[in-house]
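The structure appears right after this line, and notes come after that.
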Amino acid sequence: MRFFVVCPGGLEVPLAQELAEIAQRPDAKALGAWVIDPTPTSPTGGIGLAGPLSAAMALNLHSRIASRVLLQMAQAPYRHEDDLYKLASVLAWEDWFSSKQTLRVDVTAHRSPLKSLNFATLKIKDAIVDRLRDVTGDRPNIDTTFPDIRVQAHLTATHVTIYLDTSGEALFKRGWRDEKGDAPLKENLAAGILIITGWKPGQTLFDPMCGSGTFLIEAAQKALAIPPGGIRAGMYGDGAKPSKLAYRPLVTSSDGFGFQRLKPFNEATEQKRWASFKESSLNEILEKRKQYPDAQSLGISGSDINEKLVSMFKGNWQRAQLPDQAPVRQVDAMVSKPPGNTQGIMLLNPPYGERLVIKGGRGQDRNTRSIEDESGEPENRFELNLETGRQSAKRSSRDSLKKLQAQQEQDPKFIEFLRQFGQHLKDAFGGWNIFVLTADMALPGQLRIKESKRTPLFNGPLECRLFKFEMHQKRPAIKESGDQ
């Protein structure tokens, strides 16, 4: 089978590394050979691979970076909308789902000659519905909000590829986040950034503006071998149900992934494999708990000036199946100190707006980190129907961010905060590697620290940079000798 694993733009290299690791898991190797496509040299929004059907289960359960796992159904050249109908109508959809299940079809495009993607979407939807009606005597209903089945098609200048979505809800929706409003840093982007930083389990990791704790929770789950899809897979029983505040009804322990609503995955052989995947993961977790028996042993900690966010982080930490209490304190980043007087990696995603105002001030509510809304703003061309109006939303979001950044650039308090914070990093964190994810391309100049590397990334539709700063150790003062 052919798959395309979607990821945030800029994380193709970490994703390729992760896919290779998943393919080498004993339970994955037992399925048969996996062939991963060469790592792209430019952003493609994901990576293709060939593998057994059961690979979809392993990928959805274990991939920390993937947004979706798409199963390729067909690929062919096209010229007109009718070509899309012909291709979709000959596929045996009845082998994958029934007419009693609800359906959603999305079409994305890159340099397609077709004038209307809405019309292209309609033709593919009609082909699927007509096929099922002819074969079963009934037709599925369309549900664009909470569909049982998602079909995606991608158009290039000459070819169309049709996929079944085996993920359902986007995979960054782990099930542990308990918050509403402006969405923070996406979990899968945080996981990919951790790979870029070179952080390894057991190494000190600190976030002085941790917010709801995305970086730290993703790191802790990786250290403890907790699969990112564990809650959605129902691995922890009724005591670990997904938060009702942040996730849609379909993200539940009974049908947390799209493949669980597809006929081939409900056959006895696949069900047995699914149970085996979960059992082996639970055994790994038990082994890792021996190595990291408590939160302190992980070497992961954070702080935030905002009391509400600190409380939110603690709740997220517990729902993420992590041990003890969350290693977080309510502290102003301006007075933060290296935990345990050690050297390590600092990783932060500073908020935009008023919460970063003045030293020692009581934090305001965090403004937008990511422009993605709760409905799941698409990350790249594989998740964006260009004619749904989301393009306008993206433009509006970017315009709003530019206005906010312009206000900040004119705000002397904000400029002074960044200067003071940069000096604090130099004074207190010598020998550390500091990584900052931000949409503000001028941040190094504002901190007055020269970056050693910058990596382009996308947080939803928002273009960002991951800046790396290598903090040098301060040399001890040398006393001058002389006659007394």
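No lab work stands behind these numbers, since they all come straight from the coordinates. On a predicted model such as this, the values are computed, not experimentally measured, just so you know. Using ideal geometry, Cβ is built from the backbone for each residue, glycine included, and neighbour counts are taken over all protein chains shown.
Please compute the length gained on full extension between Q296 and K426, using 0.36 nm multiplied by the number of residues separating them and subtracting their Cα-Cα distance.
Working: separation 130, 0.36 × 130 = 46.80 nm, distance 2.58 nm.
My answer for the length gained is 44.2 nm.
Holding the Cα-Cα limit at 32 Å, pick out from K115/K173; K337/K413; K29/K314; K278/K308; K288/K426 the pairs that are longer than that. Before the final figure, lay out each step's value.
Working: K115/K173 34 Å; K337/K413 23 Å; K29/K314 37 Å; K278/K308 34 Å; K288/K426 35 Å.
Those over the limit are K115/K173; K29/K314; K278/K308; K288/K426.
Per 0.36 nm of contour for each residue apart, how much would the distance between M441 and T144 grow if the chain were fully extended, relative to their Cα-Cα spacing?
Details: separation 297, 0.36 × 297 = 106.92 nm, distance 3.66 nm.
Gain in length upon complete extension: 103.3 nm.
Modelled spin labels at A30 and H159, positioned 7 Å past Cα toward Cβ, are 3.5 nm from each other.
For D95 and Q271 in one chain, what is 0.36 nm times their gap in residues minus the Cα-Cα distance, to one decimal in nm?
My answer for the length gained is 61.7 nm.
State whether the stretch 1-141 is rounded, prolate or oblate according to the following rule on the C-alpha gyration tensor (a ≥ b ≥ c being the square roots of its eigenvalues): a/c under 1.5 gives rounded; otherwise a/b larger than b/c gives prolate, and the remaining case gives oblate. Oblate is the answer for the stretch 1-141, as a/c is 1.5 or above yet b/c matches or exceeds a/b. Largest first and in whole Å, the equivalent-ellipsoid semi-axes of the stretch 10-87 read 26, 17, 11, each the square root of five times a Cα gyration tensor eigenvalue.
Taking K and R as +1 and D and E as -1, what net charge do the other residues with C-beta under 13 Å from the C-beta of T455 add up to?
Details: positive: K453, R454, R465, K468; negative: E12, E451, E463.
Result for the local shell: +1.
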